[in-house]
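Just below is one structure, and these are the notes that go with it.
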Amino acid sequence: MLKVVVLVSGGGTNLQAIIDAVNAGTITNTEVVGVISNNKNAYALERASKAGIPSLCISPKDFASRAEFNQALLDAVNDFGADLIVLAGFLVVIPEMVIEAYRNRIINIHPSLIPAFCGTGFYGLKVHEAALEKGVKVVGATVHFVDEGTDTGAIILQKAVEVQQGDTPEVLQRRVMEQAEWKILPRAIDLIANGKVKVIDNKVVIK
Ligand code: GAR
């Protein structure tokens, strides 16, 4: 059984997609053992509590130094006994000590087709604003492993979504979530839980 800890900051629709997929049996061999938010008002925490999943809030604001926050975050995932950390809209940079301790065991969902519209400053609605500003006709989402860079880790799954005339950032964001994020994030967890994902030469091979 893969023990998954999900890190969130906001609405938690990706967390919900994971919970629903575990309940529906489309994610197998997996238990969501904990949810951690940096934001005590995140609706994601409510979703965790409705699903009976233990959750806690760990915010950099509540610690005297970043080093203390880093240690608290690492302690929390260790205490949950995590095999896999899933970043589902988590907007805090993951400390290097956590990346080192969980090498190739942290995945992130990003709302673009990496390497487009990713890296520092590209998160949430900003990604979709930039895509519409550029006028691209195809967008999408990516699930990737987390390394020391921003959105630079090995790509696990991607799914494309078409831009439509008259899209606003909000409308496009919702379509990317529905058609891509909520599908490929649960799918990636199921693949990992069933030993089908290998990293070779910094690239993912799916068996
Ligand atoms: C999602 O669109 C996710 O891809 C994005 O934040 C949103 C969180 O929504 N993540 C990033 O931009 C990370 N760089 P949710 O809380 O409803 O899952």
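Here residue 176 clears all of (1) closer than 20 Å to residue 18 by Cβ; (2) part of a strand (DSSP E or B) except the condition numbered (2). Has region 13-23 got at least one residue that is in contact with a helix residue (DSSP H, G or I) (Cβ under 8 Å, 6 or more places away or on another chain), more than 16 Å from the ligand (Cβ to nearest atom), among the hydroxyl-bearing types (Ser, Thr, Tyr) and closer than 27 Å to residue 204 by Cα? No, region 13-23 contains no residue that is in contact with a helix residue (DSSP H, G or I) (Cβ under 8 Å, 6 or more places away or on another chain), more than 16 Å from the ligand (Cβ to nearest atom), among the hydroxyl-bearing types (Ser, Thr, Tyr) and closer than 27 Å to residue 204 by Cα. Of the residues making up region 33-42, those that are more than 14 Å from the ligand (Cβ to nearest atom) and assigned to a strand (DSSP E or B) are 33, 34. Return the residues of region 99-153 that are in a helix (DSSP H, G or I) and either free of Cβ contacts under 8 Å to residues at least 24 places away in the same chain or within 8 Å of the ligand (Cβ to nearest atom) (or both); say none if nothing qualifies. Correct list: 100, 126, 127, 130, 133, 134. Considering the conditions (1) without any contact (Cβ under 8 Å) to a residue 40 or more places away in the chain; (2) in a strand (DSSP E or B), residue 5 is excluded by exactly one of them, (1). Pairs linking a residue in region 79-94 that is farther than 20 Å from residue 188 by Cα and touching a residue at least 60 places away in the same chain (Cβ under 8 Å) to a residue that is of a type in the set (Val, Ile, Thr) and assigned to a strand (DSSP E or B), with Cβ atoms under 6 Å and 6 or more positions apart or on different chains, are 80/5; 80/33. When we screen 20, 79 for residues that are of a type in the set (Asp, Glu) and under 30 Å from residue 169 (Cβ atoms), the only hit is 20.
Would a scan of region 175-183 turn up a residue that is surrounded by fewer than 19 Cβ atoms within 10 Å (Cβ to Cβ) and either within 26 Å of residue 81 (Cα to Cα) or in contact (Cβ under 8 Å) with a residue 24 or more places away in the chain (or both)? Among the residues of region 175-183, at least one is surrounded by fewer than 19 Cβ atoms within 10 Å (Cβ to Cβ) and either within 26 Å of residue 81 (Cα to Cα) or in contact (Cβ under 8 Å) with a residue 24 or more places away in the chain (or both), which makes the answer yes.
Which residues, taken from region 43-82, are assigned to a strand (DSSP E or B) and within 16 Å of the ligand (Cβ to nearest atom)? Once the filter is applied, which keeps residues that are assigned to a strand (DSSP E or B) and within 16 Å of the ligand (Cβ to nearest atom), region 43-82 yields 55, 57. Looking across region 96-129, the residues that are surrounded by fewer than 17 Cβ atoms within 10 Å (Cβ to Cβ) and closer than 20 Å to residue 165 by Cα come down to 125, 126.
Read-outs: derived from the displayed coordinates by stated rules, not from any lab. Computed from a predicted structure; not experimentally measured. Backbone-built Cβ (ideal geometry, glycine too); neighbour counts: all protein chains shown.
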